[in-house]
1. When the stretch 528-547 is examined, which residues are found to be in contact with a Lys or Arg (Cβ under 8 Å, 6 or more places away or on another chain) and not in a helix (DSSP H, G or I)?
2. With the structure loaded, tell me whether TRP361 is within 19 Å of the chain's Cα centre (by Cα) and more than 21 Å from PHE226 (Cβ to Cβ) or whether it fails that test.
3. Which one is surrounded by the fewest Cβ atoms within 10 Å (Cβ to Cβ), of the residues in the stretch 324-340 that are under 22 Å from VAL598 (Cβ atoms) and more than 13 Å from the chain's Cα centre (by Cα)?
4. Answer yes or no: is there a residue in the stretch 558-568 that is in contact with a His (Cβ under 7 Å, 6 or more places away or on another chain), surrounded by 15 or more Cβ atoms within 10 Å (Cβ to Cβ) and either polar (S, T, N, Q) or on the phi < 0 side of the Ramachandran plot (or both).
5. Surrounded by 18 or more Cβ atoms within 10 Å (Cβ to Cβ), outside any loop (DSSP other than H, G, I, E, B) and aliphatic (A, V, I, L, M): is that true of LEU405 in this structure?
6. Restricting attention to the stretch 136-154, and to residues there that are assigned to a loop (DSSP other than H, G, I, E, B) and crowded, with 17+ Cβ neighbours inside 10 Å, which single residue is modelled with the highest pLDDT?
7. Considering only the stretch 644-687, how many residues are within 19 Å of ARG620 (Cβ to Cβ), more than 27 Å from the chain's Cα centre (by Cα) and assigned to a loop (DSSP other than H, G, I, E, B)?
8. Look through the stretch 404-455, keep the residues that are touching a strand residue (DSSP E or B) at 6+ places or on another chain (Cβ under 8 Å) and small (Gly, Ala, Ser), and return whichever of them is nearest to SER472 (Cα to Cα).
Amino acid sequence: MEIREFAENLLRETNLEKKLFLPDEFTDRDPVFNKKLPSRPERFQTSKKIEKPSYQFPKAKDLQKSENVARAMHFFANHELLAIELMALALLKFPEAPKAFRRGLLKEITEEIDHLKLYQGRMEKEGMSFGDISPNDYFWRVLSDMKHPIDFCTKMSLGFEQANLDFSKYFQNCFQELGDQESLDILNVVYEDEIRHVAFGLHWFEKWSEKSSETLFDRHKNSLSFPMGLQRAKAQGKFFDEEGRRRAGFDSDYIQQLKLYRSSRERPPVLRLFNPEVEAEISSLKNTYTADKLTQNLKRSLQHLPHLYALEQDILLVESLSSPEFKEDLLKVGFSYCEEIKFSDWKKLRKSRKIAGFRPWGDSFSSAKVLQEKESIEFRDKLDAYQCFHSQQKSLELLREFLQLFADKYPQLIQMEDLAVQVSCLADIEDWAHFPAVLKAPLALSGRGLNFVENKEELVAAAKNLLKSQKSFVLEKKFERRMDFSLQMDFNEHKNAFNKALARFFTDAKGKYQGGVVGKNFFDSLDDRLLRFWNEPNEFGFNLYDMVEDLNCFLSKKLMDTNYTSVLGVDCFVFEKNDKLYVKPLVEINLRHNMGYVKSKLSQKVRPGVKAFFHVLHKRHYPLLKNLNIESFAELREKYPLKADEKGLHDGFVFLSEPFVEGDFVAILQTAESFEESLSLLQKRFV
């Protein structure tokens, strides 16, 4: 039989037995196909909507039931048939392809037919027939428009068939554990053939792809376009078969890079970036803003931090790509990470990549530059609705209103007499007598724009400077802080707050962030007095957890009329006055991602009962970090191994930002009994 006739039969025939007929002999004397190529295999065009439900693929734990084994075999068989039909399409589309390629493809078809029949026999033994579950045509939709035989190699051989190495190996292990020898034997045959199929595609890809200085990984990646990307060349979240890939001929660099590769599949990704300059930009009150050297340094150092809260399908824009060592450490602790794209590359890609949303660290006019013009205009328009929430005056206004509503319900709240005052002229401070005191610029956030004064003379001098440059400021007494914490909220498009969490943090004497507590217990390391303050009900039967929920509802209503749909943090603290403890429930609102939000994600990766702390360190204080390289990192890991299991991190430290990047800061998670001990351990390990 002519190969052309055989291929056409595979696409036209709807009777499965006739479709899979294998003649004794093949010829390839007349390969040109003069008829119109089918847009889809006939089985999709003629199949009625099956009344039986379209089942989901069974989970590994469910394979002990025979009906689930049958369902799994049906899914496998459907994928085999799709592969057969696409191989047949390639034979019809490319009659001019080398004879060796066409003969190789023909051999693969005969082996795939054998696989399908093995699956078919196994499912029938368990009472299911092929066709009982609705067919899936995803492979066909992605591959049927191939223009050159190399497209078959990049998408089928090095894409779906390479991923099948992982699936085959994973289910081999499943069936072996369950003692299902019959299913295991089938998967063993499929696995060995699949290695040869991938090797076949790799051989022809190397032969046809343009030779350049690019690695095999980069050449394969660049030959694909969204939504068919390299993420389809492996099984997501299951088993990654390194040995099978080595046997197929991939080099170690390709295998390592693919193992660590992340990208969105079909759904459009959310675009993310780390822009810690957001508040400085807002406080500059200028149309254009250039970050100072310190902020640029911090941005460069912690640019990979959003991996800790992004979804695996998202895109993170970066100046430089992170290292395999950093990604492997994240995986050990249970984190994943998303696709990274350099800013320079995104400029070329943004018109072709549809995005589901834009979530920078904080919303600002400059961050919108990475969007297309229409998206950028829409994003900038909504910023005006909530910019006022960044100001100290707005925070003070909201605090006053909250106290008016809830001061009687919660006697633990700060008293009205201790609130800050707004100052717009020197006359406003004539009667001020509370020292030491703090002057806050109108847009002073995250420890920025704070002036600490000890007496009236210093206050007047500082006030003159602020009034000249800012026109007004907020003045408050310096409190005896006993505990800093924050409330984290995430607002969706329906203006509902979710993922609510409390986070404790530490600041220096000037209010600048030092680090925070990580773990599932908010009360770890608190003294008895603070524990009682939080947990004992007041005279009305309410405790501070009730207050936090009221604060959440209060702020949700205030943001209801804005277009804000992202993360926000509310800084709060407990202070002492006249031997009594009080809480200031609203110091400032941070309409952005923040370290408290990061810590809430980290807490999910720490084993219950284990205490851990988050730090942002300056490398100049830690010589080993300043000069860290691949070799010294390996030595560090050997000396202080990271200890984590399925329950989470339970000993050691992990880098939460790329340790090799050119920048002076690094974020680290460290297990310890206290914040002080954590700092001591870091000194021991990095100095």
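The values are calculated or read from the model by the stated rules, or taken from the named source; none is laboratory data. Just so we're clear, the structure is a prediction, and the values are computed from it rather than from any experiment. When we count neighbours, we look across all protein chains shown, and the Cβ atoms used for this are built from the backbone with ideal geometry, even at glycine.
1. PHE540, PHE542
2. Taking the combined requirement at face value, the residue satisfies it.
3. Ranking the qualifying residues of the stretch 324-340, first place goes to GLU328.
4. yes
5. no
6. MET146
7. 1
8. ALA441
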